[in-house]
Amino acid sequence: MRVRFEQILRGIVIAALGVMLWQSLFKQSNPPGQRLTARSVSGALAKWSALAQAPSGIHVQLDSVPSALERSWLGALAGAGSSVTWSGDLAPVMMDAQPVASPTGGTKVLVAAPSESSVEVSDEIGVIDTVRAQNAGAALSLSSIAGHLTTRVKGSIASKVQSDSIALHRVLVIGGAGWESKFVAAALEEEGWKVDAFIRVAPGVDVTQGSAAVIDTSRYSAVVALDGAASPYANRIVEFARSGGGVVLAPRAASLDAMADLRAGAVGRSTSEDRAIPSGGSVSLATLALSPITSLRGDVVPLERRGGAVAIAARRIGAGRALQVGYDDTWRWRMGGGDGSVHDHRAWWTGLVSRVAYAPPVRSGTTTTSTDNAPMIGLFAAIGPRTPTSTMTNLSGKRSDLMAWLFVLLSLGLIGEVASRRLRGSL
């Protein structure tokens, strides 16, 4: 019985050593923590797909974000029971591209990226521009693009396909008879906007440009209120904004009590108009008289400052937006500026209207699946957050130490058993 018991123990020890040897060889051919690079992921995924059983553990060392297909594939392996982890220093990047609400068209590109990082924007033809991210992002206005847009920050690439266009309606300008009403309407028309105008010539006497229509989003994309002539239309303008329309308020219109629901803040005391006509110089936006916007509401976003004063601010009103401007008599800039003042004046006014204009999207009818505008979010959703390298090293080290001690103990047991048999034989 003792001999048989010893033989059974010897067999157990030999079997355990064989299992350990087999596990060691299996780990070398397909280790759970094998370090793959982003470039080798596709080949490895194709290889694993041909196996009867996927690896129990996969670790990927990334120097660039895998494609959406590769991320989905890794996520499927994780869902099937494989332990999938990754590590690497990847830059988070996200982008969006929307058509500009302007008759001249264009695309507004917004990028979220680490501050001071280099952001490369390109389309299907080639690189469009390279900018430096400030305050965790960058913004570009592009006049035209070819195909899909891509943004590259280090090894992270985000892409967006702009397949939809927008529908623009007319702009309504309301103001008293004067230079400001004349040149605001002219500036918008020169940029391609279709303009209707309600011009007050005298109390109870209005002149209409275009066809008089109900102020709603089926007719107008935006309303520009310049002064007290907008007072009779205040209630309709407020309802227009709440239903999705855009409103631009000049200082004199914003000071009306009837516009209290729309304005971003109180209208401050205007600077001297002498500032608008500097001696021996031309008029510019920086020299125009300014009625600063004060006592801002809690939901207001300041868009522009001059010195310490808020010059332009915006807020949401229901489904629409209202923008309050602090600059007075902008016609002086157009008439008394330099060679490019006419162009700058109309571009500035169309920019204000574009920020708030109601511009519903027009669906193209085609569906695209190539958009990947937030690759890091996709990576996190597929296989989870990054695994620190130190954690992987510690876990591997602990497993190796445990296996080594177990091998030593089993070897000592086998040696002791053999020595015991020899000792009994000599006795």
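Worth pointing out:
- In this Cβ point-charge picture (+1 for Lys and Arg, -1 for Asp and Glu), the range 151-219 has a dipole of about 420 debye about its Cα centre.
- Accessible area of the range 133-241 divided out per residue, in Å², using a probe of 1.4 angstrom: 43
- Dipole in debye (nearest 20) - the range 226-339, about Cα centre, beta carbon charges: Lys, Arg +1; Asp, Glu -1: 300
- Most to least packed among 39-46, 341-348 [average Cβ atoms within 10 Å]: 341-348, 39-46
- Values of log10 I(q)/I(0), in the order q = 0.27 Å⁻¹, for the range 113-187 under a Debye, Cα-only, solvent-free model: -1.29
- Measuring nothing but how far apart in sequence close Cα pairs (under 8 Å, 6+ apart) lie, relative to its length, the range 145-270 scores a relative contact order of 20 percent.
The values are calculated or read from the model by the stated rules, or taken from the named source; none is laboratory data. None of these values were measured; they are calculated from a predicted model. Quick reminder, even Gly has a Cβ in these numbers, built from the backbone with ideal geometry, and neighbours come from all protein chains shown. Only protein heavy atoms, including side chains, enter the accessible area calculation; ligands, DNA and RNA are left aside. Shrake-Rupley method; radii C 1.70, N 1.55, O 1.52, S 1.80 Å.
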